[in-house]
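These notes concern the structure reproduced below.
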Amino acid sequence: QVQLVESGGGLVQPGGSLRLSCAASGSIFSINVMGWYRQAPGKQRELVATISSGGIKSYDGSVKGRFTISRDNIKNTVDLQMSSLKPDDTAVYYCSVLVRNGARHWGKGTLVTVSS
């Protein structure tokens, strides 16, 4: 099992920046891909960004150029630096990891609100 704890959410004005962090514990040796998803009110959960164990990054088109995902394989953390935030970025952000046996684990989420 892998436990994930997110931090860094909060209220930010449009155009502002925020950094989310996720710390993994437990069976961390089995982690392959780490990533961030989000779920806005009334919408389905959607992929934001992923990063492989080798550092290959992938972004949803809506955040490309504004968000940056990074990973520390020693500290077992994955961060999401968010810039030029828009009201449409308001959502609960979830950290997620894919382990080598194909199972996916989720954090409890952290709320990001972009509003003036």
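The values are calculated or read from the model by the stated rules, or taken from the named source; none is laboratory data. Everything numeric here is computed off the predicted structure, so don't read it as measured data. Note that we place each Cβ from the backbone using ideal geometry, even for glycine, and neighbour counts take in every protein chain shown. What goes into the accessible areas is simple: the full protein's heavy atoms, side chains included, and nothing from ligands, DNA or RNA. Shrake-Rupley method; radii C 1.70, N 1.55, O 1.52, S 1.80 Å.
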Note: among Gln1, Gln39, Gln13, just one is under 23 Å from Thr113 (Cα atoms), open to solvent by 50 Å² or more (accessible area, probe 1.4 Å) and more than 14 Å from the chain's Cα centre (by Cα), namely Gln13
*Would you mind stating whether Leu11 is touching an Asp or Glu at 6+ places or on another chain (Cβ under 8 Å) and not acidic (Asp, Glu)?*
no
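What about Arg100, is it open to solvent by 50 Å² or more (accessible area, probe 1.4 Å), closer than 25 Å to Gln1 by Cβ and without any contact (Cβ under 8 Å) to a residue 40 or more places away in the chain? Quick ask: steps written out before the conclusion?
Numbers: open to solvent by 50 Å² or more (accessible area, probe 1.4 Å): yes; closer than 25 Å to Gln1 by Cβ: yes; without any contact (Cβ under 8 Å) to a residue 40 or more places away in the chain: no.
Considered against the rule, which asks whether it is open to solvent by 50 Å² or more (accessible area, probe 1.4 Å), closer than 25 Å to Gln1 by Cβ and without any contact (Cβ under 8 Å) to a residue 40 or more places away in the chain, Arg100 comes out as no.
Mind checking which residues of the stretch 103-116 are surrounded by 18 or more Cβ atoms within 10 Å (Cβ to Cβ) and hydrophobic (A, V, I, L, M, F, W, C)? Even if it seems obvious, please write down each step before you answer.
We begin by selecting, within the stretch 103-116, every residue surrounded by 18 or more Cβ atoms within 10 Å (Cβ to Cβ); these are 105, 107, 109-110, 112, 114.
Result: Val112, Val114.
Give the stretch 50-91 a look and list any residue that's of a type in the set (Val, Ile, Thr) and open to solvent by 40 Å² or more (accessible area, probe 1.4 Å), or say none. Step through it out loud before you land on a result.
At the first step, the residues of the stretch 50-91 found to be of a type in the set (Val, Ile, Thr) are 50-51, 56, 63, 68-69, 74, 77-78, 90.
Correct list: Ile56, Thr68, Ile74.
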